[in-house]
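What follows is a single structure, written as structure tokens, with notes after it.
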Amino acid sequence: MTTIVLVRKNNEVVVAGDGQVSMGNTVVKSTASKVRKIEKRDVVAGFAGSTADALTLFERLEGKLEKHAGNLSRAAVELAKDWRTDKYLRRLEALMAVGDMSNSYIISGTGDVLEPEGDVIGIGSGGNYALAAGKVLIEGEMSAEEVAKKAIKVAADICVFTNNNVKVEKI
């Protein structure tokens, strides 16, 4: 379990995540990085779910972006299609929040590619808490990065599977 939030504000896209890795109700690691930037394509992504599964999905997303010349919409749909239909991939348990300068998506293993309304996405065990906080904070003077960090901190105060060790990537 984890908390990931993606925020778009003032021509900046930020994805932030907490650093807690849990097995059942035991904290195994508190400094994990669950957010990544695909430098070559100006895409940021965060994952919630199994770490090994998410790393596999990051690699697949990067491959799809290369194949489709950086078109995030096409890459996301192709990844979701593979995820749903491939015998190996459909066993992967994770959610991804991905964004570039034009689009933000939630990608799931059930084949969903969702483009939520608004400029904040929250996924994971504390995702709804971070989403609610982000929706309120985005209306103020804070930057996208400040909104994302504060939203994770709010979620960490509520969700036992989320900590205050926030990692951020932005474009």
- Starting from region 68-92, take each residue that is under 25 Å from LYS40 (Cα atoms) and of a type in the set (Lys, Arg) and list its partners that are at pLDDT below 95 and crowded, with 18+ Cβ neighbours inside 10 Å, counting only C-beta distances under 8 angstrom and pairs at least six apart or across chains. ARG74/LYS64
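Return yes or no: is ASN164 surrounded by fewer than 21 Cβ atoms within 10 Å (Cβ to Cβ) and part of a loop (DSSP other than H, G, I, E, B)?
Values: surrounded by fewer than 21 Cβ atoms within 10 Å (Cβ to Cβ): yes; part of a loop (DSSP other than H, G, I, E, B): yes.
When the stated conditions are applied, ASN164 passes them.
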- Note on the structure: Note on region 127-168: residues of a type in the set (Lys, Arg) and without any contact (Cβ under 8 Å) to a residue 24 or more places away in the chain are LYS135, LYS150, LYS153
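Based on what the data block shows, is SER73 of a type in the set (Gly, Ala, Ser) and closer than 21 Å to PRO116 by Cα? Show your work before the answer.
Details: of a type in the set (Gly, Ala, Ser): yes; closer than 21 Å to PRO116 by Cα: yes.
Here the answer is yes, as SER73 does meet what is asked.
Residue-wise test of (1) among the hydroxyl-bearing types (Ser, Thr, Tyr); (2) more than 17 Å from SER125 (Cα to Cα); (3) in a loop (DSSP other than H, G, I, E, B).
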position: GLY19; (1), (2), (3): no, no, yes
position: ALA32; (1), (2), (3): no, no, yes
position: ARG36; (1), (2), (3): no, yes, no
position: LYS40; (1), (2), (3): no, yes, no
position: ASP53; (1), (2), (3): no, no, no
position: ARG60; (1), (2), (3): no, yes, no
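The values are calculated or read from the model by the stated rules, or taken from the named source; none is laboratory data. Worth saying up front: this structure is predicted, and the values here are computed from it rather than measured. Methodologically, a virtual Cβ is constructed for each residue, glycine included, from the backbone with ideal geometry; neighbour enumeration extends over all protein chains shown.
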